[in-house]
1. Take residue A:767 and tell me if it is on the phi > 0 side of the Ramachandran plot and either more than 14 Å from RNA strand B (Cβ to nearest atom) or not hydrophobic (A, V, I, L, M, F, W, C) (or both).
2. Sort out for me the strands (runs of 3 or more DSSP E) sitting completely within region A:786-840 that have 2 or more residues that are surrounded by fewer than 16 Cβ atoms within 10 Å (Cβ to Cβ) and out of contact with any helix residue (DSSP H, G or I) (no Cβ under 7 Å at 6 or more places or on another chain).
3. If you take the residues in region A:842-898 that are within 9 Å of RNA strand B (Cβ to nearest atom) and not in a helix (DSSP H, G or I), which one is modelled with the lowest pLDDT?
4. So residue A:742 clears everything in (1) touching a helix residue (DSSP H, G or I) at 6+ places or on another chain (Cβ under 6 Å); (2) buried (at least 21 other Cβ atoms within 10 Å of the Cβ) except one condition, right? Which one?
5. Identify the residue in region A:208-242 that is in contact (Cβ under 8 Å) with a residue 24 or more places away in the chain and among the polar types (S, T, N, Q) and, among all such residues, is nearest to residue A:262 (Cα to Cα).
6. Answer yes or no: is there a residue in region A:667-677 that is farther than 30 Å from residue A:25 by Cα, more than 43 Å from the chain's Cα centre (by Cα) and either away from RNA strand B (no atom under 15 Å from the Cβ) or part of a strand (DSSP E or B) (or both).
7. In the list A:124, A:132, which residue meets the criterion of being closer than 30 Å to residue A:696 by Cα, open to solvent by 50 Å² or more (accessible area, probe 1.4 Å) and not in a loop (DSSP other than H, G, I, E, B)?
8. Would you be able to say whether some residue in region A:481-494 is open to solvent by less than 10 Å² (accessible area, probe 1.4 Å) and at pLDDT 95 or above?
Amino acid sequence: MSLPKSYCASEHEDRIYALWEKSGFFNPNNLGKRARPFSIAMPPPNATGTLHIGHCMMLVLQDLMIRYHRMIGDKALWVPGTDHASIATQNKVEKLLAKEGKTRHDLGREKFLEHVAEYAEKSRNTIRNQIRKVGASCDWSRERYTLDAGLSKAVSEVFIRMYSDGLIYRDYRIVHWCPRCHSTLSDDEVKYRPEKTKFYYFKFGPVVIGTARPETKFQDKTIVVHPDDPRYKQFIGQEFTAEWIDGPITAHMIADPIVDPAFGTGAMTITPGHSFEDFDLAKKYQRPIVKIIDEDGNLTKESGSFAGKNARESREEIVARLDKKGLLDHIEENYEHNLSVCYRCDTALEPLPSLQWFVSVSQAVPTYSKSLKDLMRDAVESSRVTIIPKRFEKTYFHWIDNLRDWCISRQIWFGHQLPVYYCKKEKKGCGEIIVAHVAPDTCPKCNTPDLVRDEDTLDTWFSSGLWTFSTLGWPDATEEKHGRMNKTGDLATFHPTSVMETGYDILFFWVARMILMSEYALGEEPFHTVYLHGLVLDVEGKKMSKSKEETLIDPLDVIPTYGADALRASMVVGVTPGNDLRLNAEKIASYRNFVNKLWNIARYILEFDVAAEPEKDAKKKTTLSLADTWIISRLNATVREATSHIKKYRFSQASEVLRSFTWDELADWYIEVAKIEGGKRNILFSILRTVLALWHPFIPFVTETLYQQYREIAKDTFDKKSLPPEILMIHPWPTAQKKYENKKAEEDFGIVQQLIQTIRNARVENGITAAQKIQAVFFSSTRTDLLHAHQPHLKRLASLDFITVLEKGDKPTNAVFLKVHDIEVYLPLGLMKMEDEKKRMLADVRKIETRATSVRQLLSDGQFLAKAPKNIIKKEQERLAQYQDALAHLREQLTKFT
RNA sequence: GGGCAUUUAGCUCAGUUGGUUAGAGCGUUCGGUUUACAUCCGAAAGGUCGCAGGUUCGAAUCCUGCAAUGCCCACCA
């Protein structure tokens, strides 16, 4: 079998993935005896979505870590799964139903849920395939879904525990309400959109008040002013009658420092039912909470003659009525404020009072005598959880400090229904609330049958907060021993998980809540390290979205064209944690080129070099050439550096190190040298194997494909015992050995490289074509051996046809003069323009003089000599010596121009 | 309003704890049928490291201020 000239990813990728999957090594149980666990819980994509480029980012980074850890011998587990994503999914399915002219109510709860489940299952199949396309080596046998029985049990279990700990409670209070989703939202699910609107001023009793929302003001009976405001001081505490929308109304004036006298008229009425601030004020001063707008966005009976009308649409009519009564003072146009909108559907939210379930974040948890806020803060403060990049720790603490109780009940159908049952008074019950996994047949208090389950479902983040441990079998995977709950099975082995890798955009939604849940339920952190990646942006720097097709990069389009490996590389190279990535097709193409380069390096080694040297060095033990010790030294340094970068989560830098070794050193130098020296079969084989292993976590498909070829050939050559593993995925990670690093070889080969590069440069500058061979004369008092040994290299790589190496003697005149370390090179070009050469040399002299002057100055600076470290001073002295040496030679050479 | 970040070559971005001449990819220019690769090879050009101060023997790197851009949080009735 021979390898084609270029790598065609689509011909190999599916086959290679199947090979991995069949091997069983995605499952750590099949990896043999391994002591150290390494685990990642894959952030579950929405079950009804399809993967976009952002998902690729997480898959690539996590797969990189998992593959690396699998190779260094860890028990590596990556748990995949999907999230039911309650609101998002329900919205999506409702939209599809709407196309058929139906609503969920036409189907009824049960039928609707069946419909959603069916749809989700189809999408999940697509997602599974997409994850495979990217090359993710996750353990499919452990795949989970947030609505699985086990995970649902975990949800109820946490709810029940929190309820009995007094952390979950039910309360009537103002909440964020999305009239379109017909559900409450948590504070974090609210987005703000800047909006320009009208700001109205109305006469209200003795004062003028301002408002942007007249339609909420029907029952405003409290005026608040600043206690020190001289305009209103006389009215504070008074009660008076004001003419209002539906006739006279009795109102109070109170004073509170929260009012800004400079805003509007300095007097405001409060609307406790429809403003968070006003709600707090109303609680403080014990004013009634009146619901003016209902869940459909319509005005309630509290609005008198307007009852039943849509609130926002009635605004102008209400203003007109007040105007007619002479109560409209004036209108301010273009009032700028932020409108709160639903993060899922962008609909303007309606704050309204409602009876809902909440998680208290400030009340002490009995077991820990600490609040959930404290638990969340402690985990990061104590460094049990570290966030990369570190700056997000600040953001995290700030979020915790401002956190309010978490509204967890949602009025949608799709999700985990609350494990709450009511013994309803309407059904002759006692009003008892029962929180349990399963409904009791009768009320435990009054024995009334027919308990009614709460219709609401839980916030989707409540269940995803449990993800790291619910996926590993909690709560069943625990047993009581000596009065303590101990973890068993996977939960014991893999929890806390090692790394949570996700986008910074869900730090609050998800990462924080996982910490909350794990700290509460298990008393331990959910993960040790949080690695936050940035967003994938298009060429214009905007977040990629389906609505902008021209700049959208869809992974499913890219993979067939450029290959999954190229896509993967583009998400790693030059990408740093927490920073956004601007992606375009050219970038991906450049990594496709690299993948192809690697392909051809392997192709040369596996086919051409072997063919050229069939038997020669298979058995014979050859002595190593300078180039050999050089490349071995460089490879070892590369292994050492790349490993160190990966350990420190600097994946981009690791890939940089690998790229420059592979392309610049191995391909451009060593393979070219191998063609000259010959007999490199063993050493090239060994280098290739190491290089493939090093690249494998980054670009697994091409490396595995090549490794399979490598192993085919190795099978015929190696004895069975030293045969490497069948698949690269479980090949041991290369280890660096200090004894192979050779500074002298790097220096000496570096001189050969510099000589060749310097001569090449001189050739181009003097207009000598590549085909034209020239002569060179080398003078060196100390390196004649090096020069003699590398005559063939110099000849071929610098296109020379005749070389003279001398220790001393007469220097050629009218020749181009070059200098590398102590080696002088003369290129007698005969016909060239010596005037140009003279100019070039004079320019060189000036350049070096400038540098020498600055170093000389530095070295004559007493402060520098006194305070700088000795090695730095020594370096500078060496530099100066080099400059002086070079200058002396240049000047000497210049004298030869007549 | 508060906070975080970014600002380095034409473009996209690296640059560990301050220490030679600040790097890469793409792009540009010049030259190439070298028997692995034109998805390639060789050579080169291109940077006051946003601006202004400061600390230091020494600053892209640390500190202060300013500017531009982006994001997050809060939100005034």
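1. Values: on the phi > 0 side of the Ramachandran plot: yes; either more than 14 Å from RNA strand B (Cβ to nearest atom) or not hydrophobic (A, V, I, L, M, F, W, C) (or both): yes.
Considered against the rule, which asks whether it is on the phi > 0 side of the Ramachandran plot and either more than 14 Å from RNA strand B (Cβ to nearest atom) or not hydrophobic (A, V, I, L, M, F, W, C) (or both), residue A:767 comes out as yes.
2. A:800-806
3. Top of the filtered list is A:861.
4. With respect to (1) touching a helix residue (DSSP H, G or I) at 6+ places or on another chain (Cβ under 6 Å); (2) buried (at least 21 other Cβ atoms within 10 Å of the Cβ), residue A:742 is out only on (2).
5. By that ranking, first place goes to A:211.
6. No; the residues of region A:667-677 include none that is farther than 30 Å from residue A:25 by Cα, more than 43 Å from the chain's Cα centre (by Cα) and either away from RNA strand B (no atom under 15 Å from the Cβ) or part of a strand (DSSP E or B) (or both).
7. Values: A:124 fails: open to solvent by 50 Å² or more (accessible area, probe 1.4 Å).
When all the criteria are applied, what remains is A:132.
8. Applying the first criterion (open to solvent by less than 10 Å² (accessible area, probe 1.4 Å)) to region A:481-494 yields A:491, A:494.
So of that shortlist, the ones also at pLDDT 95 or above come out as A:491, A:494.
For region A:481-494, residues open to solvent by less than 10 Å² (accessible area, probe 1.4 Å) and at pLDDT 95 or above: present.
The values are calculated or read from the model by the stated rules, or taken from the named source; none is laboratory data. This structure is a prediction, so every number in the text was calculated from the model and none was measured. Please note: Cβ atoms are built from the backbone with ideal geometry, for glycine as well, and neighbour counts cover all protein chains shown. Each accessible area value is taken on the protein alone, full model and side chains, heavy atoms only, with ligands, DNA and RNA left out. Shrake-Rupley method; radii C 1.70, N 1.55, O 1.52, S 1.80 Å.
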